[in-house]
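The values are calculated or read from the model by the stated rules, or taken from the named source; none is laboratory data. In this text the structure is predicted, and so the values were computed from the model without any measurement. As a convention, Cβ positions derive from the backbone with ideal geometry for all residues, glycine included, and neighbour counts pool all protein chains shown.
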Amino acid sequence: MFTLSTDPIDPTAWRLQLPDASAGAMACFEGIVRNHNEGRTVMRLHYEGAPELAANEFRKIEDEARETFDVVHVACVHRIGDLSIGDTAVWVGVSASHRGDAFGACRYIIDETKKRLPIWKKEQYSDDESIWLNSP
């Protein structure tokens, strides 16, 4: 399951989608907005995304993870819109038969999500300059 959301991410609510009697492990990743990047003070972020394209690409990423790891459930949500320091920007959770598969799949999914999904981030700095970091 994947979604882009303008609402704040509730990791506890998302985590509740993962348990399964066949899963002996869960691994989650939570990406938080930090106050700095490459020596600059970050005041806030703005994300934009293409929901349908992102969902289609995420399905491919999830399929690849399932081919490599013994995954039971996968869930991912990425915020779009304006985010403040400390907000959760992205959350990924995986349940799997064993911890190695849960950790491996979670790592693979977040890494590929950040590389491949059509989600663009603009950082607003303390000097009022803003930059799109991963624009097409």
| note | Within segment 33-64, of all residues that are touching a Cys at 6+ places or on another chain (Cβ under 9 Å) and not aliphatic (A, V, I, L, M), the one nearest to LYS121 (Cα to Cα) is PHE58
| Within the set of pairs 6 or more residues apart or between chains, which connect a residue that is within 9 Å of ALA27 (Cβ to Cβ) inside segment 82-105 to a residue that is of a type in the set (S, T, N, Q) and not in a helix (DSSP H, G or I) with Cβ atoms less than 7 Å apart? | ALA102/SER95
| query | Can you name the residue in segment 23-38 that is farther than 8 Å from SER95 by Cα and touching a Phe, Trp or Tyr at 6+ places or on another chain (Cβ under 8 Å) and is also surrounded by the fewest Cβ atoms within 10 Å (Cβ to Cβ) among such residues? | reply | GLU30
| request: Go over the candidates GLY104, GLY100 one by one and state the one that is surrounded by fewer than 16 Cβ atoms within 10 Å (Cβ to Cβ) and modelled with pLDDT of 95 or more. | output: GLY100
| task | Can you confirm whether segment 60-69 contains a residue that is surrounded by fewer than 16 Cβ atoms within 10 Å (Cβ to Cβ), in contact (Cβ under 8 Å) with a residue 40 or more places away in the chain and in a strand (DSSP E or B)? | result | no
| said: Within segment 77-136, considering only strands (runs of 3 or more DSSP E) that don't extend past its boundaries, which have at least 3 residues that are of a type in the set (A, V, I, L, M)? | reply: 88-96
